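The values are calculated or read from the model by the stated rules, or taken from the named source; none is laboratory data. Since we're looking at a predicted model, the values are computed, not measured. So basically every Cβ, Gly included, is an ideal-geometry build from the backbone, and we count neighbours across all protein chains shown. Calculation scope for accessible area: heavy atoms of the full protein, side chains included, ligands and nucleic acids excluded. Shrake-Rupley method; radii C 1.70, N 1.55, O 1.52, S 1.80 Å.
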Amino acid sequence: FTSDDVTDYYIVTTKESLDEALWRHADVVMNVKVTQEKVDKERQVVMEEYNMDWDRPDYRVYYLMLEAAYKVHPYKISPIGLKDVILNSDLDKFKTFYQERYVPNQMVLACVGDFDTKEMLEKIKMLWGSYPRGKDSFELGLTEPEQTEFREASVQMKAANTDIQWAFHIPEAAHFDIPSLD
C-alpha cells in the first residue's frame, strides 16, 4: 500500500520459509528492472485506480479536503498523484525515482515473529548491506503557512450518499501532543 509518507511491501510467511521470504523481499525491492513495458502496464493500472477513486464520493471528498487544507505542502496532492503526472511521466523519471528512493537508507525493515534476533540481523545485513546509500533526505523545505481563515470546498456529483469531512491541522509528528491526539 501507499500512503502520504510510505510505500509498504510486506510478506507473511512461516518460520520454515523465512529465509526464502527475506531473499525474495530483498530481490523484489532492490533489483527491479524499470522498463517501458512495465511502466506502461502499471500506468494503466494506476489510471484505473485513479478513475475509480475519482468516481467515489468518499475518496473525492478526501482529495478535495487535502487540496483545501494544504496550500504549499506536498500533502495537498493525494498519494495516487496527479493525472497529468501519471499519464505523462517518461521512463527516465521512473528510473530516477527508483534509483534515488529504493536505497537502504531510505527503508525501514520491521520483522515480528518467532526468530532469533541476532540471526535475523545478520541475514538482513547480508541481504541489504551491499547496496549503496542514497540521498539522506528528500525534504523540500516547504513549510505550510498557518491557516488563519476557515476553508471549505465542495463538488457536486451524482451519488447515493453525501460525504462530508472536517479536517484539523495538528502539530508535526515529533510534537509532544501527538500521543494525546492519537
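For a paramagnetic label modelled at 7 Å from the Cα of E67 toward its Cβ, which residues of segment 17-50 fall within the zone defined by backbone nitrogen distances under 19 Å?
47-50
Using only the alpha-carbon atoms, how far is helix 57-69 inclined from the longest principal axis of the chain? Give it as 0 to 90 degrees, nearest 10.
It works out to around 80 degrees.
Report the charge-dipole magnitude of segment 58-102 in Debye, nearest 20, computed about the Cα centre from +1 at each Lys and Arg Cβ and -1 at each Asp and Glu Cβ.
80
Which longest uninterrupted range of the chain lacks any GluC sites (Glu not before Pro) assigned by DSSP to a loop state (not H, G, I, E or B) and surrounded by at most 13 other Cβ atoms within 10 Å?
Answer from the scan: 1-138.
Mind checking the dipole of segment 120-162: about its Cα centre, +1 per Lys or Arg Cβ, -1 per Asp or Glu Cβ, Debye to the nearest 20?
In debye, rounded to 20, segment 120-162 gives about 440.
If one takes the longest principal axis of the Cα atoms in the chain, at what angle in degrees, from 0 to 90 and to the nearest 10, does the Cα axis of helix 36-54 lie?
The two axes meet at around 40 degrees.
Given Cβ point charges of +1 (Lys, Arg) and -1 (Asp, Glu) and nothing else, what value in debye, to the nearest 20, does the dipole of the chain about its Cα centre take?
Roughly 520 debye, rounded to the nearest 20.
Based on the Cβ-Cβ distance of T2 and M126, what FRET efficiency does E = 1/(1 + (r/R0)^6) give at R0 = 30 Å, to the nearest 0.05?
So the FRET efficiency works out to roughly 0.60.
Taking 0.36 nm per residue of sequence separation and subtracting the Cα-Cα distance, how much length would be gained by fully extending the chain between D53 and F97, in nm to one decimal?
Here the segment from D53 to F97 would lengthen by 13.4 nm.
Accessible surface of R56 in the full protein assembly, 1.4 angstrom probe, to the nearest 10 Å²?
That residue has around 90 Å² of solvent-accessible surface.
With everything on Cα atoms, drop me the angle between helix 91-101 and the longest principal axis of the chain, reported from 0 to 90° to the nearest 10.
Around 70 degrees separate the two axes.
Excluding residues on the same chain fewer than 8 positions from K125, give the lysines whose Cα lies under 26 Å from its Cα.
K15, K33, K95, K135
Determine how many Å³ per residue the convex hull of the Cα atoms of the chain encloses.
So the per-residue Cα hull volume is 194 Å³.
Quick one: Cα centre-to-centre distance for segment 102-143 and segment 36-90, in angstrom?
Going from one Cα centre to the other spans 28 Å.
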